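Some notes on the structure that comes next.
Computed from the coordinates by the stated procedures, all read-outs in this text should not be read as laboratory data. Small disclaimer: the values here were computed from a predicted structure and weren't measured. Glycine also receives a Cβ, built like all others from the backbone with ideal geometry; neighbour counts cover every protein chain displayed.
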Amino acid sequence: MKLIHVHPILLLLFLASCATTRKIDLPADKSKAAVLLPFAVKELKITDLRDSLRSMDWKLPSVYPKKKSWTGNPELSIQNKTDIERIVKSSEPKENGVPALFEIKINAGECKLKMDSTKIREYIHIKAELTVSVPGRAVKYGSIAEGNYENPVYEASKEHVLQLYNLVMRNVTTELLKEVRDDIGN
């Protein structure tokens, strides 16, 4: 009789010991610190060069299959455009900036979710390029930045993948500006 009462307790202790307490580190949001450039944004053009976008209409199961993956290409959302514009405009000097044309091209942007019976992983890949040109002068700066991120998760959700995608998009935009700043400094 005592063995029956002990058995569920042992099972609970065993399951509790299997649970991990490891904190998953997400990338820092690099866009919070402004990257100052000597240019005033006269015009900003954002172009999505991805040919075909795969749907993000994922129907995720509540019970994880043996092996399954989902891939999608989120549209360049209003939030993405707003973030890019905010980050670029924050690079302007307070006064006397040289008027310049900024063009950002999104060359790649993909989300993946891979799951099997033991783990779930989110993958994000974004590649973009920036061209800064000064009208009336033969001055042109360019940069290319890429963001790849892999994140283990305990529970899959499309919403979390998209939040991570937006964060990586902000970081890639910031890296584009940093490369131009470093090029100007040389």
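Applying a 10 Å radius around every beta-carbon, put 111-120, 92-101 in order of their mean neighbour count, most first. Provide the component values of the computation, followed by the final result.
Working: 111-120: 15.3, 92-101: 13.0.
Taking the mean over residues of other Cβ atoms within 10 Å, the ranking is 111-120, 92-101.
Just add up the charged neighbours of G136: K/R +1, D/E -1, any other residue whose Cβ is under 14 Å from the Cβ of G136. Before the final figure, lay out the partial values.
Numbers: positive: K42, R137, K140; negative: E43.
After counting each charged neighbour, the total is +2.
I want the local charge near L36. Using Cβ-Cβ distances under 13 Å, sum +1 for each Lys or Arg and -1 for each Asp or Glu among the other residues.
Surrounding charge for L36 is +1.
Can you list which of the chymotrypsin sites (Phe, Trp or Tyr not before Pro) found in the stretch 145-186 are DSSP loop residues with at most 13 other C-beta atoms within 10 Å? If you can, show how the numbers build up before the last one.
Working: sites: Y149, Y154, Y165; in loops: Y154.
Those that pass, being in a loop and sparsely packed, are Y154.
Can you tell me how much longer the chain between A108 and S157 gets when fully stretched, taken as 0.36 nm per residue apart minus their C-alpha distance, in nm with one decimal?
Details: separation 49, 0.36 × 49 = 17.64 nm, distance 2.18 nm.
Net length gain for the segment: 15.5 nm.
Given points 7 Å out from each Cα along the Cα-Cβ axis, report the K59 to T118 separation in nanometres with one decimal.
The answer from the label model is 3.0 nm.
Only bridges whose two residues both fall in the stretch 104-151 count here: according to DSSP, what percent of them are antiparallel, nearest 5?
Details: 24 of 24 bridges.
Here the antiparallel bridges make up roughly 100 percent for the stretch 104-151.
If Rh is defined by the Kirkwood formula over all Cα pairs and Rg also comes from Cα, what ratio Rg/Rh do you get for the stretch 97-167?
Working: Rg = 17.7 Å, Rh = 14.5 Å.
Result for the stretch 97-167 is an Rg/Rh of 1.23.
Testing the spin-label approximation: label points 7 Å from Cα along Cα→Cβ at A138 and V98. State their distance in nm.
For A138 paired with V98, the spin-label model returns 1.4 nm.
What full-extension length gain, to one decimal in nm, is calculated for K45 and N148 as 0.36 nm per residue of separation minus the Cα-Cα distance?
34.7 nm
How much length is gained if the chain between K81 and A33 is pulled fully straight, taking 0.36 nm per residue apart and subtracting their Cα-Cα distance, in nm to one decimal? Before the final figure, lay out each step's value.
Numbers: separation 48, 0.36 × 48 = 17.28 nm, distance 1.82 nm.
Stretched out fully, the K81 to A33 stretch lengthens by 15.5 nm.
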